[in-house]
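S.K.: Dropping the structure in here first, questions after.
The values are calculated or read from the model by the stated rules, or taken from the named source; none is laboratory data. Everything numeric in this text was worked out from a predicted model, so none of it was measured. Every residue, glycine as well, gets a Cβ built from its backbone with ideal geometry; the counts of neighbours run over all protein chains shown. All accessible areas refer to the heavy atoms of the entire protein, side chains included, with ligands and DNA or RNA removed. Shrake-Rupley method; radii C 1.70, N 1.55, O 1.52, S 1.80 Å.
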Amino acid sequence: MAKKSFFQKIQHAIRSLNLTIVLAVVLIVSVLVLWALFISGPNRVEEEKLRQAQTMIKEKVEAIEGVEQNSFRYITYQGYTDSKLYWFDANCDVIVTKDISKLDYDTAKRVAEETYGVICDTISLAYGYNNPVYEIEGSGKYLLLDFDTFERIYERDDQHGK
């Protein structure tokens, strides 16, 4: 077998480099496509579902603000007007309303700390098993207190807590 000339070696090196570059580009494009399909794709679908739900809820209660989705036992939505708090089911139908004057975050925080030893980091409204609740996170716990009675509905260690 004859030895390759210097020129042939250079041509072979260039072809190898071109192949490496093409394979790297294919790998990068594949990763980007997979990321778009499997990571951001489902997130965009969820965001669109939330936008649709918010639109349906605003059609039913025009003055509603702060519509948020919550998922405990099932998906619900919460929102408020100047005078009422609203909870909606997954079909955007009203489950229950409460007078906004009944909203008492301070008492919920106090009960959580004094009765259940949970110092509140965050508090929001949610829907428990069958009723509105205060959703409290703090002291490494996740706690749901009944909106009206402040009784514990649910409690667990919070894996995402501080």
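S.K.: With loop defined by DSSP as not H, G, I, E or B, and exposure as at most 12 other Cβ atoms within 10 Å, which is the longest segment of the chain clear of exposed chymotrypsin sites (Phe, Trp or Tyr not before Pro)?
M.R.: Free of exposed loop sites, the longest segment is 1-73.
S.K.: Provide, as a two-decimal number, the C-alpha radius of gyration of segment 109-162 over 2.2 N^0.38 Å, N being how many residues it has.
M.R.: Compared with the compact-globule rule of thumb, segment 109-162 sits at 0.99.
S.K.: Taking one equal scatterer on every alpha-carbon of segment 20-162, how large is log10 of I(q)/I(0) by Debye at q = 0.12, 0.15 1/Å?
M.R.: Cα-only, vacuum Debye calculation for segment 20-162: -0.60, -0.81.
S.K.: Computing the accessible area with a 1.4 Å probe over protein heavy atoms, can you report the carbon and sulfur percentage for segment 19-80?
M.R.: 66 percent
S.K.: Another question about this same structure. Please give the per residue accessible area of segment 1-93, computed with a probe of 1.4 Å over protein heavy atoms only, in Å².
M.R.: It amounts to 78 Å² per residue over segment 1-93.
S.K.: If you take the square roots of the eigenvalues of the alpha-carbon gyration tensor of segment 75-114 and sort them as a ≥ b ≥ c, do you get rounded (a/c under 1.5), prolate (a/b over b/c) or oblate?
M.R.: Verdict is oblate for segment 75-114.
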